[in-house]
1. Quick check: residue separation of LEU221 and GLU150 times 0.36 nm, minus the Cα distance between them. What number comes out in nm?
2. How much of the accessible area of the range 180-255, probe 1.4 Å, is carbon plus sulfur, in whole percent?
3. Run through the DSSP bridge list for the chain and note the antiparallel percent, rounded to the nearest 5.
4. Calculate the spin-label point distance for ASP203 paired with THR31, positioning each point 7 Å from the Cα along the beta-carbon direction, and give it in nanometres.
5. How much accessible area per residue does the chain have, counting only protein heavy atoms and a probe of 1.4 Å, in square angstrom?
6. Given the -39500 (n - 2.57) contribution per DSSP H run of 4+ residues, what per-residue ellipticity at 222 nm results for the chain, rounded to the nearest 500 deg cm²/dmol?
7. Return the distance in nm (one decimal) between the two label points of a simple spin-label model at ILE112 and ASP132, each offset 7 Å from Cα along Cα→Cβ.
8. For a quick check, take a GNM of the chain with Cα springs below 10 Å and name the residue from LYS29, LYS140, LYS40 with the largest mean-square fluctuation.
Amino acid sequence: MNNPIENKINWPDDKSFGLVLTHDVDRVKKTYQYITHFIKTRRGYHIKSLFRSGNPYWTFDAIMELEEKLGVKSTFFFLNESGTASLLKPNTYSLYWGRYKIDQMDVRNMIIKLDKQGWEIGVHGSYNSYMDGKMLAEEKQALEKILSHEIAGIRQHHLRLAIPKTWELQHKVGFAYDSSLGHNDRIGIKDDACTIIKPFKDDFYVVPLTIMDSALFTQYLDLDEAWNKVNNLIMEIKNSCGLLSILWHTERFNAEEFPGHADFYKRIIELCKRENAWIGTCGEAVKLARC
């Protein structure tokens with residue numbers, strides 16, 4: 001976009017900068033990952049976990065407990081994927097195998113529980129929805145039917161964006177903000193957007209994404225090196241009074257599945273609190289930007 005308007009936010013209570021906490025709910029049950037993660041990591045745990053009771057990817061209660069202890073709330077983006085895998089197209093396997101439906105009872109009940117207890121619920125736009133207004137509208141309406149109220153925000157799956165087309169479609173179907181502007185292969189500020197922007201200079205907002213867990217831990221295999229990079233990025237955003245937005249996928253909160261990843265999320269929050277950050281959901285940050 002040419003010269004989008006940046007919203008310099010006046011952080012409440014003399015806070016120095018902002019931190020937005022988000023989770024993409026790509027999967028709620030471990031399926032093919034028992035095999036693929038074993039092949040990728042060579043950790044015997046993944047084969048052993050196949051024969052254990054329980055569901056390693058159902059981590060909602062753990063996330064809620066952690067965030068309640070830290071005194072924070074986050075945004076959960078729920079995926080309602082309708083695509084199907086094709087045996088002749090291997091690139092579709094990871095997209096569609098093991099997908100869930102938002103109206104299955106356990107997922108539906110958790111969405112309602114999160115919403116009632118103060119977490120924000122948003123749409124995780126399906127893989128092909130970024131260019132399909134009808135699909136975006138249907139996914140928004142399906143989630144709103146569960147909650148009986150409007151949904152404000154969306155993040156596109158795999159951060160797929162066709163700028164400005166995707167934002168135009170999102171705006172048209174009634175979303176107040178998008179949070180897909182970010183890197184999926186590295187961490188950092190994309191397109192110099194270190195705060196909320198208004199791409200159309202109206203009431204539609206973009207909350208840039210700064211750190212995605214999968215990109216972070218692919219870019220930096222060593223957790224200490226990863227922490228140094230994240231620490232430097234936090235200080236950069238603090239110095240600009242900007243907004244840091246982080247994405248931690250829900251399955252990452254199982255410590256056996258992803259050793260150290262949940263603790264890393266906790267460390268980011270604790271550091272930002274020490275550095276006098278305002279911390280909230282995407283929707284709350286957008287409300288501040290409107291002021």
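1. 21.6 nm
2. 41 percent
3. Once the DSSP bridges in the chain are tallied, antiparallel ones form about 15 percent.
4. 4.0 nm
5. Computed with neighbouring chains in place, this is 46 Å² per residue.
6. When only DSSP H runs of four or more count, the value is -11000 deg cm²/dmol.
7. Result: 2.8 nm between the two label points.
8. Highest fluctuation among the options: LYS40.
The values are calculated or read from the model by the stated rules, or taken from the named source; none is laboratory data. Bear in mind the structure is a predicted one, so any value in this text is a computation, not a measurement. Don't worry about glycine lacking a Cβ; one is built from the backbone with ideal geometry, like all the others, and counts go over all protein chains shown. These area figures cover heavy atoms from the full protein model, side chains too; ligands, DNA and RNA do not enter into them. Shrake-Rupley method; radii C 1.70, N 1.55, O 1.52, S 1.80 Å.
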